[in-house]
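A short write-up of the structure that comes next.
The values are calculated or read from the model by the stated rules, or taken from the named source; none is laboratory data. In this text the structure is predicted, and so the values were computed from the model without any measurement. Ideal geometry is used to build each Cβ from the backbone, glycine not excepted, and the neighbour counts take in all protein chains shown. Side chains are part of the model used for accessible areas, which takes the heavy atoms of the whole protein and leaves out ligands, DNA and RNA. Shrake-Rupley method; radii C 1.70, N 1.55, O 1.52, S 1.80 Å.
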Amino acid sequence: MRKFTNFSKRYLTIFLILSGTFLAHAQVKVSGVVKDANNSEGLPGVNVIISGTTTGTVTDIEGKYSLEVPGSDVVLKFSSIGYLEQEVTVGNRATLDIVLEADVKQLE
């Protein structure tokens, strides 16, 4: 088995520290308001989930949410009973306002 020299250990330590710093900065904070398409009022209790995970949040009484995501390529899934689910890629936006349409078929 190959032994690391002091130089190699230092190089590896610096690399790991810088990698951790980069990953910590990769977090992006996204916030916004989810509104009803019919009356433009904020929707409370909407699930905002990072697609493919169980990480997410719920909108407050005014329909506002805030969530840290691991990068700009993340897709957020917005869902609530009685409304059509919507998926949106974060991209380079820090504010992401959403309008949900009523699910007429589900209401019948």
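Taking every pair of alpha-carbon atoms in the stretch 30-79, give the share separated by more than 16 Å as a whole percent. Above the 16 Å cut-off, the stretch 30-79 has 36 percent of its Cα pairs.
Ranking Lys29, Lys35 from most to least accessible surface, computed with a 1.4 Å probe over the protein chains only, gives Lys29, Lys35.
Considering only the other residues whose Cβ falls under 15 Å of the Cβ of Val28, what net charge follows from Lys and Arg at +1 and Asp and Glu at -1? All intermediate terms of the calculation are to be shown ahead of the outcome.
Details: positive: Lys29, Arg93; negative: Glu68, Asp73.
With Lys, Arg at +1 and Asp, Glu at -1, the net is 0.
Seen from Ser40, the other residues with C-beta closer than 13 Å to its C-beta sum to a net charge of -4, counting Lys and Arg as +1 and Asp and Glu as -1.
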